[in-house]
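Visitor: I'd like to ask you about the structure that follows.
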Amino acid sequence: MPVWHKAAQQWVKDGRLVLLGVTQEQHPERCSLFAQWQGIQWPILHDPINALQTTGVPILVALDEYGIVRGVGPRLESFERDFLDKSFADGAAPNDAKLTPPRDTNALGREARTADTSDSWRRLGDALAIWETPRQLDEAISAYRHAIRLNSADLNARFRLGVCFRMRHETERRHESDFSDAVRSWEDALGGQPNQYIWRRRIQQYGPRLMKPYPFYDWVTQARNEILQRGELPVLLPVLPSGAEIARPSRTFVADESSTSPDPQGAIRRDSRPLIEATVTVVPTQVKPGETARVHVTLVPAAERKTYWNNEAEPLRLWVDPPPGWHVTRRLLVARPGEQPETNEVRRLDFEVQVAEDAAGTGRLSAFALYYVCEDVGGTCLYLRKDIPIEIPLVTAE
Amino acid sequence: MFRSLLSFGLLSLTLTAQAQADSYAPRVGQRHADLTLPRIDNREAVSLSQYRGRKVLLIHFASW
C-alpha cells in the first residue's frame, strides 16, 4: 500500500486521480495511526463487518469518470499509460446496486419487523454496526441473532455477529462470554466459507503463532515513536494491541519450563467477593491433540464495587500450571501497570498452550492471578489471588 | 443416514456457491456498485458515487 501511496501522490496533487481506501479491520483508530505514520491523507472508509464481502486484501480497483471498472489489480508501471492518460466512454449498463446498507436504522427496523426475513434483520444489524454508537451494539447483536434464527446458513450474519461481540467486549457494556462468542461465530462463518480470508484473519489475529500468516499490529510501537520524533501526537488507540495481536508467526513451540510459582502453597487470600472478574477465551475454540491454541485471560475490576487496581505495589501476575504432557509458552505473565497510582482498566494477558499428544475430552489447566486491588475510593486495599480454571475442549481424531 | 449426508453435502455446496457468488468481485467493463461508509477519522459518510467525474483508485486494504 505505501508503494501506491507514494507513487500516486503527484497524480492526486495534479487532480488526475482520487485515492479512496476501504479498510476491513475492526479498529478504525489503528488504521488512522497507520495513515498518520505513512502520511496518507486520502479518505479511508471503515467496513468493520465486511459489508462489501471482500474475501481478501489488498484489492485495487481503477474506476473511470463514469464509475466503470477499468482495471482490477492494476500494475503500477503501466497505470499512467493504461488508465490515467486514456479516455473512456460511458458504455456500461446502469448499476443501481448498493454494497452497503442505508443509514436510516429506524426505517430498517420497521422493514425488518414487517418483512421478518433473514435479509432484512441482517441489513438492520449491518446499519447499526456501521453507523450507530457502541450503545447500539446490543441491538445489532439481537438483529443478527434473529437473522440467524430465520436462516441458520446466513454466514455473513454469523461473521458480523462475531464482530459485534468482539466490539462489545471492548466496551463497558461487555458480557462475560462476548470474546468467546465472537470466536465461535467467526469459526461458524468460516466453516461454511473457508476461502473467506477476511474472516479467517479475525481468528488468526487472536490465535496462536503457528496459525498466523504475519504479525498483525507489530508496527504500532515503531509508528508511534516515529510520529513523536516528527513532533506530532500519535492517534490515540482506545485498545492497545498486545499479545496475540503483535506476536510474530512461529513454526516452533518453545515451552517455558523454568519459572517458579509465585504462590506454591496457595497461601494468598482468595478474591471471594469478587473484586476482580476474570474470563477466559481459547482461540481456536477446539484444539486437536498435539496442536496449539492461544489462551486469553481478561481481568476486569468489578464495576458495582468500584474496584480499582493499586499500581503502587507490584504488578498483576498470572501463573499457569499445565497438566503433564502439556506445555505453555509462558508460565508466569506480568500485566503492564496503569499509568496513575489507581486505575480501573481492563487487563488482558495471553499465552500459548500445546496440547499433549495423548490428550482427550476436555483439557484443564490451572491458573491463578495475584494482584493488589482497592475497593472504592479510600477503601481497603488487598493483595488477593484469583483461581482461574482454563478449559480447552479437544477434538479427537477419528 | 446416507440421504441426510447427501442432503447436507448438497446444502453445503449450495451455501458455498451462494457465498462465493455474493463475494465482492468487480468486473472490468461493468459499472461499480455504489457504497457508503464512514471515514475512519471523523465518521463522515462518504459514497463512491461522490467521485463521479473523477478517475478513482479504490484501495481495499488493512493496516495489518
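The values are calculated or read from the model by the stated rules, or taken from the named source; none is laboratory data. Since the structure is predicted, the reported quantities are computational estimates derived from the model, not experimental observations. Counting neighbours? That spans all protein chains shown, and the Cβs are built from the backbone with ideal geometry, glycine included. Note: areas computed on protein heavy atoms with side chains; ligands, DNA, RNA excluded. Shrake-Rupley method; radii C 1.70, N 1.55, O 1.52, S 1.80 Å.
Visitor: Gaussian network model of chain A, Cα springs within a sub-10 Å range: biggest mean-square fluctuation belongs to which of A:D218, A:D263, A:D96?
Guide: Highest fluctuation among the options: A:D96.
Visitor: Sticking with this structure for a sec: Dividing the Cα radius of gyration by the Kirkwood radius, what Rg/Rh value follows for segment A:240-398?
Guide: Taking Rh as the inverse mean 1/r over Cα pairs, Rg/Rh reads 0.99.
Visitor: Could you tell me, in Å, what Rg and Dmax come out for the Cα atoms of segment A:126-170?
Guide: Reported Rg and Dmax, both Å: 9.8, 28.
Visitor: What average count of beta carbons from other chains do you get within 10 Å of the Cβ of residues in A:238-251?
Guide: Other-chain Cβ atoms within 10 Å of each residue's Cβ, averaged: 0.
Visitor: Taking the radius of gyration and the Kirkwood hydrodynamic radius from Cα positions alone, what is the Rg/Rh ratio for segment A:252-299, to two decimal places?
Guide: My calculation puts Rg/Rh at 1.06.
Visitor: Mind checking the mean number of beta-carbon atoms from other chains within 10 Å of the Cβ atoms in A:216-223?
Guide: 1
Visitor: From the P(r) of segment A:178-236, can you give the percent of Cα pairs sitting at distances over 18 Å?
Guide: 52
Visitor: Further question: Please list the three semi-axes, largest first and in whole Å, of the ellipsoid equivalent to segment A:17-174, using sqrt of 5 times the eigenvalues of its alpha carbon gyration tensor.
Guide: Semi-axes from the Cα gyration tensor: 33, 21, 13 Å.
Visitor: Please identify every one of the GluC sites (Glu not before Pro) in segment A:268-334 that sits in a loop by DSSP and has no more than 16 other beta carbons within 10 Å of its own beta carbon.
Guide: Hits after loop and neighbour filter: A:E312.
Visitor: Could you sort A:166-172, B:24-30, A:281-287, A:84-90 so that the peptide with the highest average Cβ count within 10 Å comes first and the rest follow in order?
Guide: In decreasing order of mean packing, A:166-172, B:24-30, A:281-287, A:84-90 become A:281-287, A:166-172, B:24-30, A:84-90.
Visitor: Same structure, new question: When the Kirkwood radius is taken over all Cα pairs of segment A:1-107, what Stokes-Einstein diffusion coefficient follows at 37 °C and 0.692 mPa s, in µm²/s?
Guide: After rounding, the answer is 207 µm²/s.
Visitor: With an 8 Å cut-off on Cα pairs and a minimum separation of 6 or more residues, tell me the relative contact order of segment A:226-319 in percent.
Guide: 21
Visitor: Can you send over the carbon and sulfur percentage of the accessible area for chain A, probe radius 1.4 Å, protein chains only?
Guide: 47
Visitor: How big, on average over all directions, is the shadow cast by the Cα convex hull of the protein assembly as shown, in nm²?
Guide: 26.9
Visitor: Hey, another quick one. Given a 10 angstrom Cα cut-off, can you work out which residue in A:K13, A:K288, A:K306 is the most mobile in a GNM of chain A?
Guide: Looking only at A:K13, A:K288, A:K306, the biggest GNM fluctuation is shown by A:K13.
Visitor: For the interface of chains A and B, what total accessible area is buried with a 1.4 Å probe, rounded to the nearest 100 Å²?
Guide: Separately minus together, A and B give about 5600 Å² buried.
Visitor: Using the heavy atoms of the protein chains alone and a 1.4 angstrom probe, what is the accessible area of segment A:160-217 per residue in square angstrom?
Guide: 34
Visitor: For the protein assembly as shown, just give the cysteines left without a disulfide-compatible partner, judged by no other Cys Cβ under 4.7 Å.
Guide: A:C31, A:C164 - these cysteines have no disulfide-compatible partner (Cβ-Cβ under 4.7 Å) in the protein assembly as shown.
Visitor: Using only the alpha carbon atoms of segment A:139-228, find the Kirkwood hydrodynamic radius as the inverse mean reciprocal pair distance, in angstroms to one decimal.
Guide: 14.3 Å is the Kirkwood radius here.
Visitor: Let me ask another. For the protein assembly as shown: lysine pairs with Cα atoms under 23 Å, gap of 8 or more or different chains, count?
Guide: Close lysine pairs found across the protein assembly as shown: 8.
Visitor: Here is a further query. Give me a single rounded figure for A:44-57: the average over its residues of other chain Cβ atoms within 10 Å of their Cβ.
Guide: 5
Visitor: Moving on. Give the Cα extents of segment A:216-258 along the principal axes, in whole Å, largest first.
Guide: Principal axes ranked by extent give 43, 21, 20 Å for the Cα atoms.
Visitor: In a Debye calculation with equal point scatterers on the alpha-carbon sites of segment A:197-323 and no solvent, what is log10 I(q)/I(0) at q = 0.19, 0.22 Å⁻¹?
Guide: Relative scattering, expressed as log10 I(q)/I(0), comes to -1.28, -1.34.
Visitor: Among A:C164, A:C381, A:C31, which one shows the biggest mean-square fluctuation in a GNM of chain A, springs joining Cα atoms closer than 10 Å?
Guide: In this elastic network of chain A, the residue with the biggest mean-square fluctuation among A:C164, A:C381, A:C31 is A:C381.
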